[in-house]
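Every number here is computed from the coordinates shown, using simple stated rules; none is lab data. This is a predicted model, so every value here is computed, not measured. Methodologically, a virtual Cβ is constructed for each residue, glycine included, from the backbone with ideal geometry; neighbour enumeration extends over all protein chains shown.
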Amino acid sequence: AQKITQTQPGMFVQEKEAVTLDCTYDTSDQSYGLFWYKQPSSGEMIFLIYQGSYDEQNATEGRYSLNFQKARKSANLVISASQLGDSAMYFCAMSYLEGAQKLVFGQGTRLTINP
Amino acid sequence: DSGVTQTPKHLITATGQRVTLRCSPRSGDLSVYWYQQSLDQGLQFLIQYYNGEERAKGNILERFSAQQFPDLHSELNLSSLELGDSALYFCASSALPGRANEKLFFGSGTQLSVL
């Protein structure tokens, strides 16, 4: 069964520092996608970054990069130069095909950026 | 702004009642997904539609039903509501029905409170 594990329930980081949010996944599928979403206190789910299982290069989107280590089954999110507005819940998710595409989420990491 | 529109943003109702949540997908997206986010269960996949047809079911209760209309908007109907149905309900959309690398974009969610 597909599973996402986020081992950091909460993280506290100083503004302008880089932060790494951990995510490991478990699947026997060859084709899958890995996502990171941000959920601020207002509740919406904001798409941040995506990595396909066949992508050889790590994905980057502005200050976000995904450190994809396929053999280790990890997909850590790196946020460079953190900002106060980065304070939010962050969810790692994996998509897989079971009849149709489904997305399984981790439990999330609450990131707090301190001034 | 993800381009996925959900209404209403908040809904407060009583046990035993029935409610309808509405979702309009991003322009051009044919596939709609419904997710439930609760404190104890996290984010759970409920159901997926593609171009009007049901494609996949997840942990959706029999008291819940959904449909996708010809204009591609979708409605999630929740009936005989219980206190435990209180949750944030998300709609997401994607262009295609089922590739593992298909990106999902989420709406802002409907916060349902059952009193």
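Descriptive notes on the structure:
- Sorted peptide list for B:74-86, B:42-54, criterion being average Cβ within 10 angstrom, highest first: B:42-54, B:74-86
- Estimated dipole of the protein assembly as shown in Debye, rounded to 20 [Cβ of Lys and Arg +1, of Asp and Glu -1, Cα centre]: 120
- For B:ARG63, the shell of other residues with beta-carbons less than 10 Å away shows a net charge of -2, using +1 for Lys and Arg and -1 for Asp and Glu.
- Relative contact order (%) - chain A, alpha-carbon pairs under 8 angstrom, separation at least six: 37
- A cut-off under 9 angstrom between Cβ atoms defines the neighbours of B:THR110, and their net charge, with Lys, Arg +1 and Asp, Glu -1, is +2.
- Magnitude of the charge dipole, region A:50-115, Cβ model with Lys/Arg +1 and Asp/Glu -1, debye to 20: 200
- Relative contact order for chain B, counting Cα pairs under 8 Å that sit 6 or more residues apart, in percent: 37
- Region A:71-88 versus region B:45-115: alpha-carbon centroid distance in Å: 28
- Out-of-range pairs (alpha-carbon distance over 23 Å; input A:LYS38/B:LYS9; A:LYS16/A:LYS38; A:LYS38/B:LYS57; A:LYS70/B:LYS57; A:LYS3/A:LYS102): A:LYS38/B:LYS57; A:LYS70/B:LYS57
- Positive dipole terminus of the protein assembly as shown, leading residue within B:PRO25, A:SER95, B:LEU104 (C-beta point charges): A:SER95
- Average silhouette area of region B:1-70, convex hull of alpha-carbon atoms, in square nanometres: 5.7
- Phi angles across region A:79-90 convert, under the Karplus curve 6.51 cos²θ - 1.76 cosθ + 1.60 with θ = phi - 60°, into 3J(HN,Hα) values of 10, 8, 6, 4, 10, 4, x, 7, 4, 4, 8, 10 Hz, Gly and Pro given as x.
- Counting, for every residue in A:48-59, the Cβ atoms of other protein chains within 10 Å of its Cβ and taking the mean gives 1.
- Dipole moment magnitude, nearest 20 debye, chain A about Cα centre, only Lys, Arg, Asp, Glu C-beta charged: 160
- Semi-axes of the equivalent ellipsoid for the protein assembly as shown, Cα gyration tensor, largest first, Å: 29, 21, 16
- Fully extending the segment from B:GLN44 to B:THR7, taken as 0.36 nm per residue of separation minus the present Cα-Cα distance, adds 11.4 nm.
- Counts of other chain beta carbons within 10 angstrom of each beta carbon in peptide B:41-48 average 4.
- Kirkwood Rh in Å, taken over chain A so that all alpha-carbon pairs contribute: 14.3
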